[in-house]
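The values are calculated or read from the model by the stated rules, or taken from the named source; none is laboratory data. These figures come from a predicted structure and were not determined experimentally. Glycine gets a Cβ as well: all are built from the backbone with ideal geometry, and neighbour counts include every protein chain shown. Note: accessible area is taken over every heavy atom of the protein model, side chains too, but ligands, DNA and RNA are not part of it. Shrake-Rupley method; radii C 1.70, N 1.55, O 1.52, S 1.80 Å.
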Amino acid sequence: MNIRPRINRWTAARRDLLFGDSVLTSLVQPHFVVHGVGVDEPIRGMPGIHQQSVDVLLKTVEEDASHGVRAVMLFGVVDAEHKDEHATHAHEASSHLHQAVLKLKAAHGEDLVVMTDVCLCTATDHGHCGLVHEGEIVNDASVEVLVNIALSHAEAGADYVCASDMMDGRVSAIRTAFEGAGYTNTGLMSYSVKYASSFYGPFRHAAHSSPEFGDRATHQMDVRSGYAEAVLEATMDEAEGADIIMVKPGLPYLDVLRKVADTVARPVAVYNVSGEYAMIMNATDDEASRQRMVVEVLTAFKRAGADVVVTYHARDAARNGWVQ
Ligand code: PBG
């Protein structure tokens, strides 16, 4: 089986996230998890968003959850000394990212949807999303590493592993590996329609994942590509067994989001990325103006067909009661 519709129904928190009729339950808060204890480091360009060690993260998620944010997306930030050309640290069960998943699930169980980023870029010494052979980002060998990362996150207890790498064939490879290993209720969210966007700058700083050379143009989608390419990527991932299909970034691609939402039968997510967040945070210091902008943006995502909205604004929107 490569499609198990029950995965999206497995817990009440998953059902609320995907099928609930409120904006609040559709939000996912991203987090940058770092090694150490007591670390709570503000991120340049992303006011209000911090790199946090597991102990601090647990408190933040607890507080967010009390305001109704019941889904998180975790990015493991890897120290320079742990990076290598094989992205080994990304699938080490002892890593702080894996500890974060374990502890969040132990604390919140089925009341929290824990999503994990599956990519190589935070753990490779060259910062690319795949393995590099003779200056090129290779596909199939990278997929093998992605499968190992996904398996390790499933083992830690993630609700959804989220493949953000854009290698070909990784959805079916991860799904097949999950079936083989008995992870039959672990979900897979695919960054299916992910553009080689210039809006990821603050994130790459936060995640220490900027490429040391070259760019991501050979795997992420060309911003000039049309609907056919978006539909191709989305329908391939749907057929390969993705439980959630994502479009990323959000605001410059609302038309693509609508197209994908009208095309696939699976829930659709949108990622309101770091550069989009920075634009709004830099636009004004006036709280009321910011509230109106955030609510307008979230409303646009829902109107364009997003079931799930991954956004750094989730915390503010929930804590201040901007959305219900
Ligand atoms: C990892 C990844 C990126 C983002 C999410 N996962 C960066 C990239 O592709 O370079 C960007 C998220 C954001 O900008 O908020 N591949």
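Applying 1/(1 + (r/R0)^6) with r as the Cβ-Cβ distance of Asp21 and Asp79 and R0 = 30 angstrom yields a FRET efficiency of 0.10. Output the pairs from Lys194/Lys259; Lys103/Lys248; Lys194/Lys302; Lys259/Lys302; Lys105/Lys302 with a Cα-Cα distance over 23 Å in this structure; if there are none, say none. Too far apart for the 23 Å limit: Lys103/Lys248; Lys105/Lys302. Protein-only accessible surface at a 1.4 angstrom probe places the residues Leu58, Leu232 in the order Leu232, Leu58, largest first.
Highest-first packing order for the peptide set 81-88, 156-163, 37-44 is 156-163, 81-88, 37-44, based on the mean count of other beta carbon atoms within 10 Å. Under the classification rounded if a/c is under 1.5, otherwise prolate if a/b is larger than b/c and oblate if not, where does the range 199-324 fall, given a ≥ b ≥ c as square roots of the Cα gyration tensor eigenvalues? It is oblate, given that a/c is not under 1.5 and a/b is not larger than b/c. Between Asp55 and Ala181, the modelled label-to-label distance comes to 3.0 nm, taking each label 7 Å out from Cα in the direction of the beta carbon. When both the range 173-194 and the range 198-232 are represented by their alpha-carbon centers, they are found 22 Å apart.
Overall shape of the chain was characterised from the C-alpha gyration tensor. The equivalent ellipsoid obtained from it has semi-axes of 25, 22, 21 Å, in decreasing order.
Could you check which residue among Ala288, Ala217, Ala93 shows the biggest mean-square fluctuation in a GNM of the chain with a 10 Å Cα cutoff? For the chain, modelled as a Gaussian network with Cα springs under 10 Å, the answer is Ala288. Inter-part distance, the range 3-43 to the range 94-129, computed on C-alpha centroids, equals 12 Å. Taking 15 Å as the straight-line reach from the Cα of Lys83, the aspartates and glutamates in range (excluding those fewer than 8 positions away in the same chain) are Glu92, Asp125, Glu212. Model label sites at Arg44 and Ser198, defined 7 Å from Cα along the beta-carbon direction, differ in position by 1.9 nm. Take 10-18, 142-150 and order them by the average number of nearby Cβ atoms within 10 Å per residue, most first; the result is 142-150, 10-18. Among beta bridges from DSSP that stay inside the range 1-136, the antiparallel ones total about 25%. Model label sites at Ala239 and Asp285, defined 7 Å from Cα along the beta-carbon direction, differ in position by 5.5 nm. Computed with a 1.4 Å probe over protein heavy atoms only, the accessible surface of the chain comes to 40 Å² per residue.
Summarising the strand pairing of the chain, around 10 percent of its internal DSSP beta bridges are antiparallel.
The charge dipole of the chain, taken about its Cα centre with unit charges on the Cβ atoms of Lys, Arg (+1), Asp and Glu (-1) only, comes to about 1040 debye. If R0 equals 22 Å, the separation of the Cβ atoms of Asp262 and His205 corresponds to a calculated FRET efficiency of about 0.05. Our estimate of slack between Phe213 and Val37, defined as 0.36 nm per intervening residue step minus the Cα-Cα distance, is 60.1 nm.
Rolling a 1.4 angstrom probe over the range 5-319 with all protein chains present gives an accessible area of which 50% lies on carbon and sulfur atoms.
With the helix formula -39500 (n - 2.57) applied to DSSP H stretches of n ≥ 4, the chain reaches a computed 222 nm mean residue ellipticity of -12000 deg cm²/dmol. Net charge in the neighbourhood of Ala314 (other residues with Cβ under 12 Å of its Cβ; Lys, Arg +1, Asp, Glu -1) is +1. Between Arg224 and Glu63, the contour length at 0.36 nm per residue exceeds the alpha carbon distance by 53.9 nm.
Among Leu102, Leu27, the sequence by solvent-accessible area, most first, with a 1.4 Å probe is Leu102, Leu27. Rolling a 1.4 Å probe over the protein chains gives Met281 an accessible area of about 20 Å².
Out of Asp168, Asp125, Asp286, any idea which swings most in a Gaussian network model of the chain, alpha carbons joined below 10 Å? In the Gaussian network model the winner is Asp286. Charged side chains reduced to their Cβ positions (Lys and Arg at +1, Asp and Glu at -1) give the range 169-234 a dipole of some 100 debye around its Cα centre.
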